[in-house]
Amino acid sequence: MDLPTLTAAATPILLGLGLSAASGLRVFLPSFLMSVGATLGVVELRPEWMWLASPFAVAALGIAVVAELAAYAFPAVDNALDLLAVPAAVVAGSVLLMGVAGDRSSAIQWLLAIIGGGGVAGSLALATAKMRALTTVATGGIGNLSFAALETLGSLALTLGVLFGALALLAGLVVAGAFAILSRRWRARRS
């Protein structure tokens, strides 16, 4: 397989994995942005997934994003929401990868979607749920809003980076770096 063919085959998979990772931080935000991107013609979806570019899908996902962001503003609600967010992230990650995975046999698509997309999203969602629980205990819930904001910014930056290029990806790396630094400082204070 030559390099252009390999690149053409790998690009949709990498796009799907990036969107899946972002859905591990915020379940609906990457789906909403992918839906908007498909509506604008920036994201190419498989024909059977073009329903994501419909006005109804954009509106429904937009409402889901607002509801999710609002729920994470309340410490008691955000920890309870994590019980639903982890399995929802697995489903969202699988759907996102499946929607952009390109032409592959059905078995390979589902394998990539479930193991790759669902695995990446679920792992990140589980890690952030554990970190949120630690933040709640350590700060009495006061730090949860900041943690939620970092998750949202990370999901936004990663999604935009995957969909729209290197500049947004650089912003995502800055947010991820800031998140890592804040996490280390928080752990150091606990010790």
Over segment 130-140, the set of residues crowded, with 18+ Cβ neighbours inside 10 Å and within 11 Å of ASP78 (Cα to Cα) is ARG132, THR136
So, ASP82, is that one among the charged types (D, E, K, R), part of a helix (DSSP H, G or I), in contact (Cβ under 8 Å) with a residue 60 or more places away in the chain and surrounded by 12 or more Cβ atoms within 10 Å (Cβ to Cβ) or not? no
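Residues checked against (1) at pLDDT 90 or above; (2) within 21 Å of ALA10 (Cβ to Cβ); (3) in contact with an Asp or Glu (Cβ under 6 Å, 6 or more places away or on another chain):
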site: LEU52; (1), (2), (3): no, no, no
site: VAL58; (1), (2), (3): yes, no, no
site: VAL66; (1), (2), (3): yes, no, no
site: LEU69; (1), (2), (3): yes, no, no
site: ALA73; (1), (2), (3): no, no, no
site: MET98; (1), (2), (3): no, yes, no
site: ALA127; (1), (2), (3): yes, no, no
site: ALA133; (1), (2), (3): no, no, no
Right, ALA92: among the hydrophobic types (A, V, I, L, M, F, W, C) and touching a residue at least 60 places away in the same chain (Cβ under 8 Å) or not? yes
Could you grab the pairs with beta carbons closer than 7 Å, sequence gap of 6+ or different chains, first residue in segment 40-54 and surrounded by 13 or more Cβ atoms within 10 Å (Cβ to Cβ), second one hydroxyl-bearing (Ser, Thr, Tyr) and at pLDDT 85 or above? LEU52/SER35; ALA53/SER35; ALA53/THR39
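Results for (1) within 16 Å of the chain's Cα centre (by Cα); (2) over 19 Å from ALA129 (Cα atoms), shown as yes or no for each residue.
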position	(1), (2)
THR11	no, yes
GLY24	yes, no
PHE28	yes, no
VAL42	no, yes
LEU45	no, yes
GLU48	no, yes
ALA73	no, no
VAL77	no, no
Only one of GLY62, GLY122 is in a helix (DSSP H, G or I), surrounded by 20 or more Cβ atoms within 10 Å (Cβ to Cβ) and either in contact (Cβ under 8 Å) with a residue 12 or more places away in the chain or over 14 Å from the mean Cα position of the chain (by Cα) (or both). Can you tell me which? GLY122
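The values are calculated or read from the model by the stated rules, or taken from the named source; none is laboratory data. All figures in this text were calculated on a predicted structure; none of them were measured in a lab. All Cβ positions, even for glycine, are placed from backbone atoms using ideal geometry, and neighbour counts span all protein chains on display.
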